[in-house]
Amino acid sequence: MCNIFCLKGVQPLNNLFSYYTRYLALKLFFISLVIFSVIISFCLSGYADYYYNNVLIGSGTKDQVHPQIAVSNENHYMIVWEDNTNGSPDIYGVILSTNQSTPYTFPICAEAGNQRNPVIAWDGTNYLVVWEDTRNGASDIYATRIAPNKQILDGTTVPGLPICSANNDQLRPAVVWSGDNYLIVWEDERNSSSKIYAMRVSASLGLLDGNAGTGGIFLGGTGGDQTKPKAAWNGTNFFVVWEHHPDNDTSDIYGTRITPSGDMPDNPGSGLPLGVDDFIKSNLSIASDGEDFFIVWDSYSNDYLHDIVGLLISDEGVPHRFGPFLITENQNNQQAPSIIWCKTNYMVLWKDNRNGIDDKIEVFLVRLNNAGSFLDTATKTNPISLGTVGSSLNNSPPAAIWKEDSAEYIIVWEEYRKDLGYYAYDVYSRRYSAVAPPLLSWTEETNFRDDGVNPDNAPSGSSFEFRVKYQNQYGYEPIQRQLWIDKNDDGQYNPENSEIINMTSDSGTNYLQGIIYKATTTLEYAGDGKISYRFVFWEYSNNAAATGSPTKDSEVNLGNSEALLQWLDSSDYNGDGVNPDTSYGGTSFTLRVLYKDYDNDPPTTKQVWVDLNNNGSYDSDEKFSMDQFDSQSYAEGRTYTKSIQCYYVPN
């Protein structure tokens, strides 16, 4: 015992010096290895800047789950979650500023029964927290406003006011703010099977679509259960999507627009089918870039694995012509996605066990531009990793916000860890920053203001000029500057068909302020004559693709288009095509109209019909042939005219 003690604890000085030398060398080696690993991770992430500061937001020996997050425009943000510390689920929250490192949590609703599945939004003044609540037995939808100073504004003695307390259960709410009102959507079992309902709610928490007991807008659907709705706002309309389960083995995606007044222009009561196939689709999430919508979900495919899939939806509720596309596919499962819009780009996050270890779940992300193209170096097989979270694939998706004042993302998730002395889910947060992508925008020049092309419509064989503005806040020149045109209208951009054109700079090199690029090409009629195009730019220094509205598909119209009749710009004929507008009986009235055909085809019939006897119909002797007034081309617009003497009739 003594010899062993002496050998371990009382070594000769030279041996001790040698020991510490080896120790320091080994320590330096590992420090160097860590630094090298961080540099490699930095480079592989497209020069993204990580903040590895996992902040423990909510913890305890009982589960804290389903975190959600919303950001204000006042340098603070709020996280809410379902907290089981008191033995049953309650709603807790925390409001944090950018530089705050210590969270101070507070109860939002800890009433009798269960409070579950909170969601949150910001209206410019207050936060709104919505959840499902069983305080009255069945599950209802409740909400309360929270001021930035953590004051609970609704419910004098009991936190929260009912949004929907109809018969049976109301479950899984979602909420979005439009700038004027909130839209809250949920699963509703008031008629036994699960359907989708919505309620517009004012900033003061006034219900705009009936009372809590019987009100709400019925969105869909028919034939099976409708579940897990999500909603977004694009500046004009809301768009709501949900899972449609016609049977136990199938799930499809349906959706509908809702106007600010609460109307539904798309198949009221059933919605639009957006994703209908043999795959099982779940965990929908939706966001908008202020024009169109972007839906993501996890798809259970024929290989019995889950992948993340996306679909772009136009502002009119029409799926993009390319259809659904893979955002990530890898070995094992990728599940539980969420998507947000971040001023210039989308970000999609999900849970992933590509490593094959069930308790080593990772959170991955990719950034996508308006058109769904990948930014950074990320691809569907090489996304950016935020590290292992030790969570479950089947629990809540990670949630995120974009914080403009600090130019960073803040991401929250639930994490099951074994190193804290207990076995429970806690809520964690991490900050993440990334290089701002280059930005494409319309030039604001006359004839190019909204679509970057001139002319917008022309006969087949015409020449078209395309112009777009490129900006880079780091002052870097684009290495790729291309116009993609689907010339044969087959739904693809094929370089073999000369459909990818390199653009040239109009003038200057101030990429920070913005440079206009241009290209000119001749287009022939193909397909239905609506030829799609988009602008594709890439900046090499930060390995980043450009984002902005011009990266999405636009259309130019060629040949075989419908003829148009238009009023003349002349003050005498503008708005009604007749001069004079009123006069005595027996006056000769001149009627003129502009005929336009982009194929330069003449009209086969050119008549004006006038109900001279005022009997409510056009008799054969009341249909007059019109004469050519000028010799403009039909594509430019030719004017036709006819003078008719009209006599007074009653009324």
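A few notes on this one:
- Just so you know, in region 309-318 the residues that are open to solvent by less than 50 Å² (accessible area, probe 1.4 Å) and not polar (S, T, N, Q) include one that is farthest from LEU284 (Cα to Cα), and it is GLY317.
- Filter pass, LEU183 being without any contact (Cβ under 8 Å) to a residue 60 or more places away in the chain, outside any loop (DSSP other than H, G, I, E, B), of a type in the set (A, V, I, L, M, F, W, C) and crowded, with 24+ Cβ neighbours inside 10 Å: no
- Qualifying positions in region 493-508 - at pLDDT 90 or above and open to solvent by 60 Å² or more (accessible area, probe 1.4 Å): ASN502, THR504
- Being open to solvent by 40 Å² or more (accessible area, probe 1.4 Å) and over 30 Å from ASP528 (Cβ atoms) is a description that does not apply to THR587.
- Residues satisfying the stated conditions in region 77-93, i.e. closer than 24 Å to ASN149 by Cα and among the small types (Gly, Ala, Ser): GLY93
- Of residues in region 281-324 being part of a loop (DSSP other than H, G, I, E, B) and aromatic (Phe, Trp, Tyr), the one nearest to TRP341 (Cα to Cα): PHE322
- Looking only at residues in region 241-279 that are touching a residue at least 60 places away in the same chain (Cβ under 8 Å) and not in a loop (DSSP other than H, G, I, E, B), the one that is most open to solvent (accessible area, probe 1.4 Å) is ARG257.
Matching residues to (1) buried (at least 24 other Cβ atoms within 10 Å of the Cβ); (2) charged (D, E, K, R); (3) touching a residue at least 40 places away in the same chain (Cβ under 8 Å):
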| position | (1), (2), (3) |
| --- | --- |
| ASP63 | no, yes, yes |
| GLU74 | no, yes, yes |
| TRP81 | yes, no, yes |
| GLY113 | no, no, no |
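- Qualifying residues in region 155-165 (those that are open to solvent by 10 Å² or more (accessible area, probe 1.4 Å) and in a loop (DSSP other than H, G, I, E, B)) - the one farthest from LEU207 (Cα to Cα): THR157
- Failed criterion for ASN168 (all others in (1) closer than 25 Å to GLY224 by Cβ; (2) surrounded by fewer than 18 Cβ atoms within 10 Å (Cβ to Cβ); (3) touching a residue at least 40 places away in the same chain (Cβ under 8 Å); (4) of a type outside the set (Ser, Thr, Tyr) hold): (3)
- For region 189-208, a residue qualifies if it is surrounded by 15 or more Cβ atoms within 10 Å (Cβ to Cβ) and either under 24 Å from LEU153 (Cα atoms) or within 25 Å of the chain's Cα centre (by Cα) (or both), and the qualifying residues are LYS195, ILE196, TYR197, ALA198, MET199, ARG200, VAL201, ALA203, LEU205, LEU207, LEU208.
- Pairs where the first residue, in region 533-554, is more than 16 Å from GLN471 (Cβ to Cβ) and open to solvent by 10 Å² or more (accessible area, probe 1.4 Å) and the second is of a type in the set (D, E, K, R) and not in a strand (DSSP E or B), C-beta under 6 Å, 6+ apart: ARG534/ASP553; SER554/ASP451
- Test: residue in region 206-217 that is outside any loop (DSSP other than H, G, I, E, B) and within 15 Å of GLY269 (Cβ to Cβ): yes
- The residues of region 325-348 that are in a strand (DSSP E or B), surrounded by fewer than 22 Cβ atoms within 10 Å (Cβ to Cβ) and in contact with a Lys or Arg (Cβ under 7 Å, 6 or more places away or on another chain) amount to a single one, LEU326.
- Hits in region 280-303 - residues which are buried (at least 19 other Cβ atoms within 10 Å of the Cβ) and either in contact with a helix residue (DSSP H, G or I) (Cβ under 8 Å, 6 or more places away or on another chain) or not polar (S, T, N, Q) (or both): LYS281, LEU284, ILE286, ALA287, ASP289, ASP292, PHE293, PHE294, ILE295, VAL296, TRP297, ASP298
- The strands (runs of 3 or more DSSP E) found entirely in region 538-651 that carry 2 or more residues being at pLDDT 95 or above are 587-596, 607-609, 623-625, 638-646.
- Residues in region 354-379 that are open to solvent by less than 10 Å² (accessible area, probe 1.4 Å), farther than 25 Å from GLY323 by Cβ and assigned to a loop (DSSP other than H, G, I, E, B): 1 in all.
- Among the residues listed as ASP528, ASP490, the single one being at negative phi, free of Cβ contacts under 8 Å to residues at least 40 places away in the same chain, open to solvent by 70 Å² or more (accessible area, probe 1.4 Å) and under 27 Å from the mean Cα position of the chain (by Cα): ASP490
- Answer residue from region 254-282, given it is over 18 Å from HIS320 (Cβ atoms) and among the β-branched types (Val, Ile, Thr) and is modelled with the lowest pLDDT among those: ILE280
- For region 607-651, a residue qualifies if it is in contact (Cβ under 8 Å) with a residue 24 or more places away in the chain and under 21 Å from GLY559 (Cα atoms), and the qualifying residues are SER633, TYR634, ALA635, GLU636, GLY637, ARG638, THR639.
The values are calculated or read from the model by the stated rules, or taken from the named source; none is laboratory data. Being a predicted model, the structure only gives us computed values, none of them experimental. Because the Cβ atoms are built from the backbone with ideal geometry, glycine has one as well, and the counts that use them run over all protein chains shown. Accessible surface areas use protein heavy atoms only, side chains included; no ligands, DNA or RNA. Shrake-Rupley method; radii C 1.70, N 1.55, O 1.52, S 1.80 Å.
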